[in-house]
Structures are given as C-alpha cells and as structure tokens.
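Just so you know, all these numbers are worked out from the coordinates, no wet-lab data involved. Note that the structure is a prediction, hence the values are computed from the model and not measured. Positions of Cβ are generated from backbone atoms using ideal geometry, with glycine treated the same way; all protein chains shown enter the neighbour counts.
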Amino acid sequence: MYKIQIEYLGCMHEYMMPKLIKSFSFKSKQEALENYRILLATYLMDYGVLWDNISEKEHEKRLLAKSLEELKDIESKALFNKELDYKISLVERV
C-alpha cells in the first residue's frame, strides 16, 4: 500500500509541526508514483514564474512534462527557501 500525504507546514516552518491535511491511498507503486508526480506538478504551479513571459496554461504544460525527480528538486529548493507552505510526500506502507 502506498500513500501520498499533503502536510501544512505553516508560514514559519521551524516553529510549527507539520499538520496532515489530506492523504490518498494506492495499491500499486506505479499508480502512486504517477499521481505523486501530477500532484507535485500541480502544487508547484505559480512557483518561480514571471507571468509576463509565460501563460498559466503553458507553465502547467511544462511542469506536467517534467519527471518526478525534476519536480522533487524544484520542491526541495522551494522548501529550503521557505517559499512553500505545504509538503507532498509519498509513503510506503507495508
């Protein structure tokens, strides 16, 4: 069993424990990974974009075309800079 969890980190990440907002369960690893990639791409919409240069639809299309590793790299940089209030993670349950 695999789970995708969305946690709220709060505005001041170091002062607040993450709070579970929502979780999704999947039986297959492949299904969980694909849904994780799509959720991450959707979650990163609007991050690091100058809207003068690209439309929202084009940005969404570019994010959805990225691999899971590329999206996780973008997310980790944004979290390190404390620019995101939520964290999405994939958890394997046995």
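Remarks
- Our helix-only sum for the chain, with -39,500 (n - 2.57) per DSSP H run of n ≥ 4 divided by its residues, gives a mean residue ellipticity at 222 nm of -12500 deg cm²/dmol.
- Normalised contact order of the chain, rounded percent, pairs of Cα under 8 Å and 6 or more residues apart: 45
- Of the residues 54, 1, 33, the one whose Cα sits farthest towards the positive end of the charge dipole of the chain is 1 (charges of +1 on Lys and Arg Cβ, -1 on Asp and Glu Cβ, taken about the Cα centre).
- In a DSSP loop and with at most 11 other Cβ atoms within 10 Å, the GluC sites (Glu not before Pro) in the stretch 55-94 are 83.
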